[in-house]
1. Can you work out the base-10 log of I(q)/I(0) for the range 82-186 at q = 0.15 1/Å, using the Debye formula on its C-alpha atoms alone?
2. Given contacts defined as C-alpha pairs under 8 Å and at least six residues apart, what's the relative contact order of the range 1-62, whole-number percent?
3. Once you have a ≥ b ≥ c as the square roots of the Cα gyration tensor eigenvalues for the chain, tell me rounded if a/c is under 1.5, and otherwise prolate or oblate according to whether a/b is larger than b/c.
4. Roughly how many Å² of SER141 are accessible to a 1.4 Å probe, to the nearest 10?
5. Could you check the spin-label model distance between GLU121 and TYR105? Points 7 Å from the Cα along Cα→Cβ, value in nm.
6. Just to verify a number: what accessible area does ARG6 come out at with the full protein assembly present, 1.4 Å probe, Å² rounded to tens?
7. What's the carbon and sulfur percent of the chain's accessible surface, probe 1.4 angstrom, rounded to a whole number?
8. Any idea of CYS204's accessible area? Nearest 10 Å², probe 1.4 Å.
Amino acid sequence: MNDFIRDRACFPVEGTNGSFMHWFGGELETPVIPPGGNEPCHLLYTIDTADPLFPVRIEGTRFLPLIYCQQYNAAAMSYRVENGNIAVDWIESLEWDPDFPYDAYPCTFPRRQVTLMLADEEALRLLELANEDHQTKDYESRFGGWHWLCQDVPAVECKNPRCSGGSLDVFGVIYQSPVKGVRIWDPDLEWSDVEIIYQICSSCASIQVCNRCT
């Protein structure tokens, strides 16, 4: 059964602490185009997994790209990161629209350095016991720990054809405005309840990403 990765919880904020190199936005050295598609996916975050605050490790990969395909009708997708290379195993839709989720949607987001800050794990534990959502949203984007999700943990299976099967546990949730001045969804809204949810396979470390909304 899919669950959350609970051993560490942190949230990204703009700026750097000088020890680890995380950033939001920018471009991949090699664009990731889904099989059958013609346009690249968006790079949301690149995370330095040497940072002990981040809850995920993939063998042979230090810098973990978190990608998504907003302009492909915000489709769910599954990809693997192996020795710095990204392979997309599955995408829900290849319908592409340059003006989705909003008109003149940017091809890339401005690159900003971010740092990871430790979340209050005891507060998260108490919120989970109460199943309360309002305070978890104060963190906005977050990696690790429990997170209230408007449609619960996605009940999905690993799409890696070589995988024998494992649980797909949530390790990240990204909201509307990851950094100041950037809107992933409707640019006229200060807040959006759309959640971009990242899950990782406990067996093969494939990443599956989707969105959910109220």
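The values are calculated or read from the model by the stated rules, or taken from the named source; none is laboratory data. Everything quoted here is computed from the prediction, not taken from an experiment. Because the Cβ atoms are built from the backbone with ideal geometry, glycine has one as well, and the counts that use them run over all protein chains shown. What goes into the accessible areas is simple: the full protein's heavy atoms, side chains included, and nothing from ligands, DNA or RNA. Shrake-Rupley method; radii C 1.70, N 1.55, O 1.52, S 1.80 Å.
1. Values, matching the q order: -0.98.
2. Working: 53 pairs, mean separation 22.9, N = 62.
Computed value for the range 1-62: 37 percent relative contact order.
3. Because its axes are fairly even, with a/c under 1.5, the chain counts as rounded.
4. Surface open to solvent at SER141 totals about 10 Å².
5. If labels sit at GLU121 and TYR105, their model points lie 3.6 nm apart.
6. So the heavy atoms of ARG6 present about 100 Å² to solvent.
7. Values: 4850 of 10140 Å².
With neighbouring chains kept in place, the figure for the chain is 48 percent.
8. Rounded to the nearest 10, that gives 40 Å².
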